[in-house]
DNA sequence: TGTGTATAGTACATATATAAACTAGATTTG
DNA sequence: CAAATCTAGTTTATATATGTACTATACACA
């Protein structure tokens, strides 16, 4: 008989709370990502488009980075990809020639609306395993975790 | 995928449950990462070392990928870095010449013990905002979320 | 037994993220 | 005003992750 290695699966039952939270986050990310594939978007792209949509005008790279909560070099790359998708366009800021502004194209706005619907549906489906009371309680726990950083 | 973007910076209060879970995951990841910097480790590296330590023998790449919950090409790269850190060593599997086994070095085992202590302390600190009853309940919610993936 | 197929790991392309170095332009200050 | 300094964005290097293609080996079966 040929010796086959059994795939030792992950063992969430052996995991503690910290690991479970990370794994839950990863699970949600993965499911939204899969749902978004349909409209040629990813989570990061959708969230960038969301801020650009909410802003209703051209945004500076630095401001977008602030909203997203990441560094500027990340946003440079993200905007590169969004630009080659045709979802946004860059322009020089006339008030500060160092600055670059980013704005949704019509196509980008349309795509964002599609992605938004999909994410809302997917999120609702994921959370459908909880009652509204449970959701409220889980939400309260998570807010405490996020708002009480041990040293921030 | 990292999805730092789930941050939704200025307005966690406007976030729904899905976003909160992703943000909580990111928070925990970031805090463990920061704590681990001390011993020249990262979350993914520590995670891999943990399985190698538990196995107590050389592990196959595929099995490690199964434990970690990622693809093999990711593990190839991770093992490359761990090998150049001197924490693990590869060998050909004598029973299957296609196979590669990975094993902790003495240095890797020592580093893992250091990292383990640090992570346990950091995790305990993060979770210290919850009572043990609350932890149990949060844990139960998260397990349901992880164990009940909506069909896909 | 030889050929077709499956599997293991790697290589390559790409996406996402961080950090540091660099460039161009703006601001401060002597 | 000119020199020093700061800031905006990009570039570059690296880490992490996914998916696909490729190579070598193992297995299956006619």
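The values are calculated or read from the model by the stated rules, or taken from the named source; none is laboratory data. Since the model is a prediction, treat every value here as computed from it, not as a measurement. Quick reminder, even Gly has a Cβ in these numbers, built from the backbone with ideal geometry, and neighbours come from all protein chains shown.
Quick notes on this structure:
- Residue B:102 vs. criteria in contact with a strand residue (DSSP E or B) (Cβ under 6 Å, 6 or more places away or on another chain) and more than 7 Å from every other protein chain (Cβ to nearest Cβ): yes
- Residue check, residue B:131 more than 7 Å from chain A (Cβ to nearest Cβ) and closer than 19 Å to residue A:147 by Cα: yes
- Complete set of residues in the range B:48-63 that are within 13 Å of chain A (Cβ to nearest Cβ) and either within 9 Å of DNA strand C (Cβ to nearest atom) or buried (at least 21 other Cβ atoms within 10 Å of the Cβ) (or both): B:48, B:52, B:59, B:60, B:61, B:62, B:63
- Scope the range B:75-91; condition near DNA strand C (Cβ under 9 Å from one of its atoms) and farther than 24 Å from residue B:114 by Cβ; matching residues: B:76
- Criterion (more than 14 Å from DNA strand D (Cβ to nearest atom) and in a helix (DSSP H, G or I)) met by exactly one of B:31, B:77: B:31
- Test: residue in the range A:89-111 that is touching a helix residue (DSSP H, G or I) at 6+ places or on another chain (Cβ under 6 Å), surrounded by fewer than 20 Cβ atoms within 10 Å (Cβ to Cβ), closer than 22 Å to residue A:33 by Cβ and without any contact (Cβ under 8 Å) to a residue 60 or more places away in the chain: no
- Screening the candidates A:71, A:25, A:66 for the property of being facing chain B (nearest Cβ under 7 Å), at pLDDT 95 or above and under 16 Å from the mean Cα position of the chain (by Cα) yields one hit, A:66.
- Count - residues of the range B:121-139 that are surrounded by 13 or more Cβ atoms within 10 Å (Cβ to Cβ) and assigned to a helix (DSSP H, G or I): 10
- Enumeration of residues in the range B:11-41 that are over 16 Å from residue A:43 (Cα atoms) and surrounded by fewer than 17 Cβ atoms within 10 Å (Cβ to Cβ): B:11, B:12, B:13, B:14, B:30, B:33, B:34, B:37, B:38, B:40
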